[in-house]
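Structure, as structure tokens:
Where a number appears in this text, it was derived from the coordinates with a stated rule and is not lab data. Worth saying up front: this structure is predicted, and the values here are computed from it rather than measured. Because the Cβ atoms are built from the backbone with ideal geometry, glycine has one as well, and the counts that use them run over all protein chains shown.
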Amino acid sequence: MNRMELSLRRLRTLREVAREGGVNAAAATLHFSPSAVSQQLEALGTEVGAPVIERVGRGVRLTEVGRVLIEHAEVLLAAEQRACAAVEEARQSLSARLTVGVFAAAGAGLLPAVIADLAARHPGITLESTESDGEDVVADLRHGHLDLALLLDYPDAPEPWKSDLAVVPLGQDQIHLAAPADSSYGPRTELAALADEGWILSGPDTYWGRAVRTACRRVGFEPHVRHRVDSSATALAMVAAGLGVTLVSDLGRVFCPADGVAVVPLARPLTRTILLAHLPHTGERPTARAVLDAFVRAAPAQGLVPA
């Protein structure tokens, strides 16, 4: 009998198909084509000597062999993480290349301080980053494309982060009005006072867009979005040009032009919590813990308030 050798990468693909309920949905979360996912599953079936999925109508379901593999997948993938942690513990110095998923404001406002901290304390650790939005970054984290990921939690639009993630709150990022510099808005402006303004805002398919719209609805109005813009830098440049108003967080102020934008505190402060997420066993790796500690140290210096 030939010895069975399991590919952990293909096992992760099978786990995603099981979680998402099909090849197409798994392909979307993994950023693969459906054919690439099918090829991975066929190769996994060859490794174990039997198909791991079977066609049912227009969809697929796990075979008995596939279900057995899924039952053991978490144990095998966790063992991989523990092995990485054990190897790092055995080294005399911390050395690794890790990748963190970031959103734009954190990439510009928080990440440079973290990398500077690591360079001073742990020069053997190289931290790379990938910019991505919430659901995509969670999928990349779970599939092993990322070691850590920065997430956002808005009180007005909470997201149901998966229970299989370990989450470390880094602090609250306060949100303010960003208006043209010649506007009449002063400190303690009520959000409801902006009901007749033209807004510059990302779409409702983004966490930021959903959160701002929900906050506005809570005080009685639907924002009139005159310019739908996903980039914070572009939105703030348009505010400086007098094209409308938007909201900006303390981290996001890094994108404010030197002139033309007045950042005005709101009467009833809005906040969002910055979270650093990872798979549970990733936290056992000394290099990952060093990166976590660097983020915790950098957060207050970048204006984040303890949650």
Using a cut-off of 11 Å between beta-carbons, work out the net charge of the residues near Val17 (Lys and Arg +1, Asp and Glu -1, Val17 not included). +3
Output the 0 to 90 degree angle, nearest 10, between the alpha-carbon long axis of helix 286-301 and the longest principal axis computed from the alpha carbons of the chain. 10 degrees
Mind giving me the nanometre distance, one decimal, between the label points for Ala83 and Ala43, set 7 Å out from Cα along Cα→Cβ? 1.7 nm
Just to be sure I understand: with springs between alpha-carbon atoms less than 10 Å apart, which residue in Val264, Val37, Val60 has the highest mean-square fluctuation in the Gaussian network model of the chain? Val60
Given Leu111, Gly124, Ala288, which one lies farthest toward the positive end of the charge dipole of the chain, if we put +1 on the Cβ of every Lys and Arg and -1 on the Cβ of every Asp and Glu? Ala288
Fully extended, how many nm does the chain gain between Glu74 and Arg97 (0.36 nm per residue separation, minus their Cα-Cα distance)? 5.9 nm
Rounded to the nearest 0.05, FRET efficiency between Ala301 and Leu8 (Cβ-Cβ, R0 41 Å) equals 0.60
Where does the Debye-calculated log10 I(q)/I(0) of the chain sit at q = 0.08, 0.09, 0.16 Å⁻¹, using only Cα point scatterers of equal weight, no solvent? -0.45, -0.56, -1.22
Tell me, how many Å apart are the Cα centres for segment 37-75 and for segment 7-29? 10 Å
Specify the longest stretch of the chain that does not include any exposed loop site, a site being one of the GluC sites (Glu not before Pro) with a non-H, G, I, E, B DSSP assignment and at most 14 other Cβ atoms within 10 Å. 6-189
Quick check for you: which residues of segment 63-82 have the amide N under 19 Å from the point 7 Å beyond the Cα of Val168 toward its beta carbon? 81-82
Tell me, in nm to one decimal, what length is gained between Arg268 and Thr63 on full extension, where the rule is 0.36 nm per residue of separation less the Cα-Cα distance? 68.3 nm
Sites matching chymotrypsin sites (Phe, Trp or Tyr not before Pro) across segment 101-191 that sit in DSSP coil, with at most 15 neighbouring C-beta atoms within 10 Å: Trp161
Among Ser232, Ser129, Ser184: highest mean-square fluctuation, GNM of the chain, C-alpha pairs under 10 Å: Ser184
